[in-house]
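A.B. asks: Below is one structure. I have some questions about it.
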Amino acid sequence: MKFGLIGYPLGHSFSKEYFTRKFEHLGLGDFTYELYPIATIDELPGILRSDVYGWNVTIPYKSAIISYLNELDAQALRIGAVNTIVRTGLNSWKGFNTDTSGFRDSLVSWIGARDIPARALVLGSGGSSKAVLYALKMLGIKSTVVSRKGISYLCYADLTQEILANHPLIINTTPVGMSPDQYSCPDIPYQYLTTQHWVYDLIYNPANTLFLRQSEQMGAKTKNGLEMLHLQADYAWDIWKNYGKF
């Protein structure tokens, strides 16, 4: 049985390695997982007509893929982004979002449910941001989005010492700093970070991004997205198993 990851680019991804090891551990020798980098969403219909049973979806297609699906899980519909799809018929697909549960579980295990700050800055407004915002809402955390678009969000240039002080939790949901672009980082005023800040980067390759390193220099506590990757992958696997009954 075939599974795969849709996105672009995919050179940074650990998903193939993770699922290949999982299949080996479970004794599923005829299960495979491959990467399917597509440069534009126009390539998606051809991909979906293949014999792959289940997909993970990553940047930049988590929202764009929705219009190609036949059905959405209720939570994915509310979030407005999908990172997991499963075949429900010959040419029919259902979308889910496991990023929200993966991020929520990772954040709670890191900080503790009772100690998570009441306010968060979320850097980025794409599909990953939507999942994170939904998880924060579930946890009762008020969020402010920062985006280069700046139409209905804060711009990076708007960030002040007061804003950062009022948002002890900062989460990067953008691909800025992801391999091979590891010498870039979100343009926030790092000099205003303190030991009271918790800084989470959804990027896991490289493990210690420039965003995290600069935050650490100011005393902030930091975490990358590797645990979230594993958690959301396990939730995706549960969905595929339930639908495939294997």
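A.B. asks: Is it true that Leu69 is over 17 Å from Ala236 (Cβ atoms) and either in contact with a Phe, Trp or Tyr (Cβ under 9 Å, 6 or more places away or on another chain) or assigned by TED's automatic domain parsing to the domain that holds Val132 (or both)?
C.D. replies: On the way: over 17 Å from Ala236 (Cβ atoms): no; either in contact with a Phe, Trp or Tyr (Cβ under 9 Å, 6 or more places away or on another chain) or assigned by TED's automatic domain parsing to the domain that holds Val132 (or both): yes.
Answer is no for this residue.
A.B. asks: So is Leu139 surrounded by fewer than 18 Cβ atoms within 10 Å (Cβ to Cβ) and either in contact (Cβ under 8 Å) with a residue 12 or more places away in the chain or of a type in the set (Asp, Glu) (or both) or not? Break it down into steps so the answer makes sense when it comes.
C.D. replies: Values: surrounded by fewer than 18 Cβ atoms within 10 Å (Cβ to Cβ): yes; either in contact (Cβ under 8 Å) with a residue 12 or more places away in the chain or of a type in the set (Asp, Glu) (or both): yes.
Yes.
A.B. asks: Determine if the range 19-26 includes at least one residue that is in contact (Cβ under 8 Å) with a residue 40 or more places away in the chain, in the same structural domain as Tyr235 (by TED's automatic domain parsing) and β-branched (Val, Ile, Thr). Lay out the reasoning, then the answer.
C.D. replies: Restricting attention to the range 19-26, the residues satisfying the condition of being in contact (Cβ under 8 Å) with a residue 40 or more places away in the chain are 19, 22.
From the residues that got through so far, the ones that are in the same structural domain as Tyr235 (by TED's automatic domain parsing) too are 19, 22.
Remaining after also requiring β-branched (Val, Ile, Thr): none.
Scanning the range 19-26, I find no residue that is in contact (Cβ under 8 Å) with a residue 40 or more places away in the chain, in the same structural domain as Tyr235 (by TED's automatic domain parsing) and β-branched (Val, Ile, Thr), so the answer is no.
A.B. asks: Moving to a separate point now. Got a sec? Which of Ser184, Ser143 is small (Gly, Ala, Ser), part of a strand (DSSP E or B) and at negative phi? First the steps, then the outcome.
C.D. replies: Working: Ser184 fails: part of a strand (DSSP E or B).
The match here is Ser143.
A.B. asks: May I ask you to list the residues in the range 50-98 that are touching a Gly at 6+ places or on another chain (Cβ under 9 Å) and of a type in the set (D, E, K, R)?
C.D. replies: Answer for the range 50-98, where residues must be touching a Gly at 6+ places or on another chain (Cβ under 9 Å) and of a type in the set (D, E, K, R): Lys62, Glu71, Asp73, Arg87.
A.B. asks: Residue by residue through the range 41-50, note down the ones that are in a loop (DSSP other than H, G, I, E, B) and either among the hydroxyl-bearing types (Ser, Thr, Tyr) or within 18 Å of Pro9 (Cα to Cα) (or both). Write out each step before concluding.
C.D. replies: Start the filter on the range 41-50 by keeping residues that are in a loop (DSSP other than H, G, I, E, B), which leaves 49-50.
Ser50 - this is the single residue of the range 41-50 that is in a loop (DSSP other than H, G, I, E, B) and either among the hydroxyl-bearing types (Ser, Thr, Tyr) or within 18 Å of Pro9 (Cα to Cα) (or both).
A.B. asks: In the range 11-54, what residues are acidic (Asp, Glu) and either loosely packed, with under 13 Cβ neighbours inside 10 Å or in contact with a helix residue (DSSP H, G or I) (Cβ under 7 Å, 6 or more places away or on another chain) (or both)? Steps first, answer last, please.
C.D. replies: In the first step, residues of the range 11-54 are kept if they are acidic (Asp, Glu); the result is 17, 24, 30, 34, 42-43, 51.
Selection gives Glu17, Glu24, Asp30, Glu34, Asp42, Asp51.
A.B. asks: Could you grab me the full set of residues in the range 13-43 that are within 23 Å of Lys245 (Cα to Cα) and β-branched (Val, Ile, Thr)?
C.D. replies: Of the residues in the range 13-43, the ones within 23 Å of Lys245 (Cα to Cα) are 15-16, 18-34.
Answer for the range 13-43, where residues must be within 23 Å of Lys245 (Cα to Cα) and β-branched (Val, Ile, Thr): Thr20, Thr32.
A.B. asks: Please go through the range 187-220 and give me each residue that is more than 19 Å from Val146 (Cβ to Cβ), assigned to a helix (DSSP H, G or I) and not polar (S, T, N, Q), ordered by number. Quick ask: steps written out before the conclusion?
C.D. replies: In the first step, residues of the range 187-220 are kept if they are more than 19 Å from Val146 (Cβ to Cβ); the result is 195, 204-208, 213, 216-217, 219.
In the following step, the residues that additionally are assigned to a helix (DSSP H, G or I) were identified as 213, 216-217.
Result: Arg213, Glu216.
A.B. asks: Can you pull out the residues in the range 92-117 that are touching a residue at least 40 places away in the same chain (Cβ under 8 Å) and among the aliphatic types (A, V, I, L, M)?
C.D. replies: Correct list: Leu107, Ile111, Ile116.
A.B. asks: Another one. Among the residues that make up the range 58-67, is at least one of them loosely packed, with under 15 Cβ neighbours inside 10 Å and over 17 Å from Gly7 (Cα atoms)?
C.D. replies: No, every residue in the range 58-67 fails to be loosely packed, with under 15 Cβ neighbours inside 10 Å and over 17 Å from Gly7 (Cα atoms).
A.B. asks: Suppose we filter Ala220, Ala157 for residues that are surrounded by 14 or more Cβ atoms within 10 Å (Cβ to Cβ) and over 21 Å from the mean Cα position of the chain (by Cα); which single one remains?
C.D. replies: Details: Ala157 fails: surrounded by 14 or more Cβ atoms within 10 Å (Cβ to Cβ).
After ruling out the rest, the residue left standing is Ala220.
A.B. asks: Still on this structure, I have one more. Take the residues in the range 160-176 that are over 25 Å from Pro9 (Cβ atoms) and part of a loop (DSSP other than H, G, I, E, B); name whichever of them is farthest from the chain's Cα centre (by Cα). Give the steps one after another, and end with the answer.
C.D. replies: To start, the set of residues in the range 160-176 that are over 25 Å from Pro9 (Cβ atoms) comprises 160-170.
This time we only want the ones that are part of a loop (DSSP other than H, G, I, E, B), so: 160, 166-168.
Working: Thr160: 26, Asn166: 24, His167: 21, Pro168: 21 Å.
The qualifying residue farthest from the chain's Cα centre (by Cα) is Thr160.
A.B. asks: Report yes if some residue within the range 64-76 is closer than 21 Å to Tyr243 by Cα, within 16 Å of the chain's Cα centre (by Cα) and without any contact (Cβ under 8 Å) to a residue 24 or more places away in the chain; otherwise report no.
C.D. replies: Among the residues of the range 64-76, at least one is closer than 21 Å to Tyr243 by Cα, within 16 Å of the chain's Cα centre (by Cα) and without any contact (Cβ under 8 Å) to a residue 24 or more places away in the chain, which makes the answer yes.
A.B. asks: Please pick out the residue among Ile151, Ile79 that is free of Cβ contacts under 8 Å to residues at least 60 places away in the same chain, of a type outside the set (D, E, K, R) and crowded, with 24+ Cβ neighbours inside 10 Å. If you could, list the steps in order and put the result at the bottom.
C.D. replies: Details: Ile151 fails: crowded, with 24+ Cβ neighbours inside 10 Å.
Unique residue meeting the criteria: Ile79.
The values are calculated or read from the model by the stated rules, or taken from the named source; none is laboratory data. Everything numeric in this text was worked out from a predicted model, so none of it was measured. We place every Cβ from the backbone using ideal geometry, glycine too, and count neighbours over all the protein chains shown.
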